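Attaching a single structure in structure tokens format; questions to follow.
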Amino acid sequence: MVPLRIGLLGLGTVGQGVVRVARRNAEEIARRAGREVVITAASARDPARPRDCDLDGIRIEADPMAVVQAGDVDVVVELIGGVEPAGALLRAAVDAGKPVVTANKALIAEGGNAIFEAAAAAGVPVAFEAAVAGGIPIIKALREGLAGNRIDAVVGIINGTGNYILTRMQDEGIAFDDVLAEAQRLGYAEADPSFDVDGVDAAHKLTILAAIAFGMPLAFDAVTCEGIRGITNHDIELARQLGYRIKHLGIAKRRGDAVELRVQPTLLPETELLAKVDGVLNAVVISGDAVGDTGYFGPGAGGDATASAVWSDIIDIARDTQGGARVPALSAHPEGIRALPVRPIAETRSSHYLRLQVADEAGVLRAITSILADHDISVEAIYQREPRGDQDAVIAMITSVVRESQIIEATDAIAALPIARGPVNRLRVEHPGD
Ligand code: NDP
Ligand code: HSE
């Protein structure tokens, strides 16, 4: 099958991320899409400016409309931002019958009702997973995974820049303006960062989430919107003293026949899940009548993280071009599925928690640690409970990261020591992300 050809409008933070992910994951993408996907053209205001991605083989235009209209572009990916000229470009793509993928929440929240009407009339998909919560597939979760529920509430941290600012203020006492400048340097902030700090960006995203959750038209003007400019380091410290964290939340709740739509800085008890989501991370809790509460968290901004969501939409469109079931049961198309060797458990590596019951005698610790050392295992942390009366001693320890077979041999040897009082209790210590 011939490759699906992509035209990128915009080579900024997200556009460059989309190119990097294409270079890195071309094979995985083709297996899942069922056909090769290539970026043939891209646009930027300044085509000559060096970019942090490999643009080899991609034609760069100064005029984004030239990309929309190019004969070698099947799908238009809009990553310019703002309502215009992005809106005109998107409408031109739809008129030309070209599917559109966009990360532009401002455009969808403010102009989406008309866009979707025109796209439906033309039979052209307009996909926007990247418009809400960066890399978190929240739109798919809400629109597909929870489609059987009556959704009662969607509450979340949906602006990465704002959460980054509040977290750095809270943890390091850094002043608001300094952290905002850093978020801009990192590519998290909108072109106009007042959208982030005044809650407009979160209101755009909440508008989209509420429309999908409650089956209502996009109603951006109905969202009550408060920003975080007024939050001081002092407020953050006082809230902490009271056992709370200040988070900038988007809240959409069903209330009888009506809904509440608001974006506000909010105190959350420090034990709440959302209170613990820090930095540029976003998190959304969705309450459905059948499933109860479900939570989703991950990077809310940044080039590659947002590109992850952009690519999920492109792959959906590629799958749609081939008929049959839209999403293959195992994600990759049947011809793209390959057997992979499964690593034997003895070869897996992790750190371990060991609990040992041993005689309360001199030299016990030395005997244990020398067995561990013989197996090339070091001790990262150790705790011994003081024995009472003639009780045995209990020792708990955390080991370095080792192969499963190493720890099994070592704990068998420890259990065989004359001072051991029973088997060694062993649990793996998992560091998610390792
Ligand atoms: P950038 O400002 O980094 O990039 C915008 C790109 O569009 C640049 O390549 C720029 O050209 C080009 N451009 C800007 N204005 C025009 C114009 N008037 N005509 C033609 N081209 C133009 O934006 P981001 O990549 O950060 O954001 C893109 C979209 O993704 C926005 O809708 C944003 O809200 C959304 N988004 C951003 C996320 C992020 O983490 N940054 C996360 C999720 C969504 P040049 O490079 O030459 O200046
Ligand atoms: N400026 C936005 C944010 C980008 O910080 O959340 C992601 O939508």
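The values are calculated or read from the model by the stated rules, or taken from the named source; none is laboratory data. Predicted model, so just to flag it, every value in this text is computed and none were measured. Counting neighbours? That spans all protein chains shown, and the Cβs are built from the backbone with ideal geometry, glycine included. Protein only, heavy atoms only, side chains kept; ligands, DNA and RNA dropped before computing areas. Shrake-Rupley method; radii C 1.70, N 1.55, O 1.52, S 1.80 Å.
What residues have an amide H closer than 5 Å to that of LEU281, excluding those fewer than 5 places away on the same chain, when H is modeled at 1.01 Å from N in the peptide plane?
GLY300
Right, here's the next one. Taking the Cα centre of the range 284-382 as origin, work out the dipole magnitude from +1 charges on Lys and Arg Cβ and -1 charges on Asp and Glu Cβ, in debye rounded to 20.
About 240 debye.
Rounded to a whole number, what % of the accessible area of the range 138-299 do carbon and sulfur atoms account for, probe 1.4 Å?
51 percent
Would you kindly compute the Cα radius of gyration of the range 95-159 and its largest Cα-Cα separation (Dmax), both in Å?
Reported Rg and Dmax, both Å: 13.2, 39.
Would you mind computing the Rg to Rh ratio of the range 48-207 from its alpha-carbon coordinates, Kirkwood style for Rh?
My calculation puts Rg/Rh at 1.01.
Distance from the Cα centre of the range 30-66 to that of the range 405-433, in angstrom?
54 Å
Let me ask something else. Straight distance only, please: which lysines reach the Cα of LYS98 with their own Cα at less than 19 Å, same-chain residues fewer than 8 apart left out?
none
While we're here: Top mean-square fluctuation among THR306, THR399, THR321, Gaussian network model of the chain, C-alpha springs under 10 Å?
Looking only at THR306, THR399, THR321, the biggest GNM fluctuation is shown by THR399.
Now a separate question. Taking a temperature of 10 °C and a viscosity of 1.306 mPa s, what whole-number D in µm²/s does Stokes-Einstein yield for the range 346-429 with Rh from Kirkwood over alpha carbon pairs?
In µm²/s, the coefficient rounds to 124.
Sticking with this one: Taking the chain, how much of its Cα-Cα pair set, in percent, is spaced more than 33 angstrom apart?
Counting every Cα pair in the chain, those more than 33 Å apart make up 49 percent.
For the range 138-299, evaluate the Debye formula with one uniform point scatterer on each Cα (no solvent term) and list log10 I(q)/I(0) at q = 0.08, 0.20 Å⁻¹, rounded to two decimals.
The computed values of log10 I(q)/I(0) come out as -0.22, -1.27.
Suppose R0 equals 35 Å. What FRET efficiency, 1/(1 + (r/R0)^6) with r the Cβ-Cβ distance, do GLU404 and ILE337 give to the nearest 0.05?
About 0.80, to the nearest 0.05.
Now for a different question. Measuring with a 1.4 Å probe in the full set of protein chains, what accessible area per residue, in whole Å², belongs to the range 75-153?
I get 35 Å² per residue for this part.
I've got another one for you. At a Förster distance of 60 Å, what's the computed FRET efficiency of HIS234 paired with ARG426, Cβ-Cβ distance as r, to 0.05? Mind dumping the intermediate values first?
On the way: r = 48 Å, r/R0 = 0.80.
That pair, HIS234 with ARG426, gives E of 0.80.
If you take every DSSP beta bridge fully contained in the chain, what fraction is antiparallel? Give it as a percent rounded to 5.
Counting only bridges with both partners in the chain, antiparallel ones make up about 70 percent.
What is the gain in length, in nm to one decimal, between ASP72 and SER378 on full extension, counting 0.36 nm per residue of separation less the C-alpha to C-alpha distance?
Difference between extended and current length: 104.3 nm.
Which cross-chain or sequence-distant (5 or more) residues have an amide H under 5 Å from the amide H of ARG51, H modelled 1.01 Å from N in plane?
Counting only residues 5 or more places away or on other chains, the set is empty.
Something else about it: Any chance you could look up the accessible area of THR294 with a 1.4 Å probe, heavy atoms only, rounded to 10 Å²?
Accessible area of THR294: about 30 Å².
Now for a different question. ARG150 accessible area, nearest 10 Å², 1.4 Å probe?
120 Å²
Percent of accessible area on the range 346-429 owned by carbon and sulfur, 1.4 Å probe? Display every interim value, and only then the final one.
Values: 2310 of 4840 Å².
The nonpolar share, carbon plus sulfur, comes to 48 percent.
What whole-number volume per residue, in cubic angstrom, does the convex hull of the C-alpha atoms of the range 286-434 give?
227 Å³
From the phi of every residue in the range 48-56, what ³J(HN,Hα) in whole Hz does the Karplus formula 6.51 cos²θ - 1.76 cosθ + 1.60 yield, where θ is phi - 60° and glycine or proline is x?
7, 5, x, 10, 8, 6, 8, 9, 3
Ignoring ligands, DNA and RNA, what percent of the accessible area of the range 74-114 is carbon or sulfur (1.4 Å)?
The C+S portion of the solvent-accessible surface of the range 74-114 is 55 percent.
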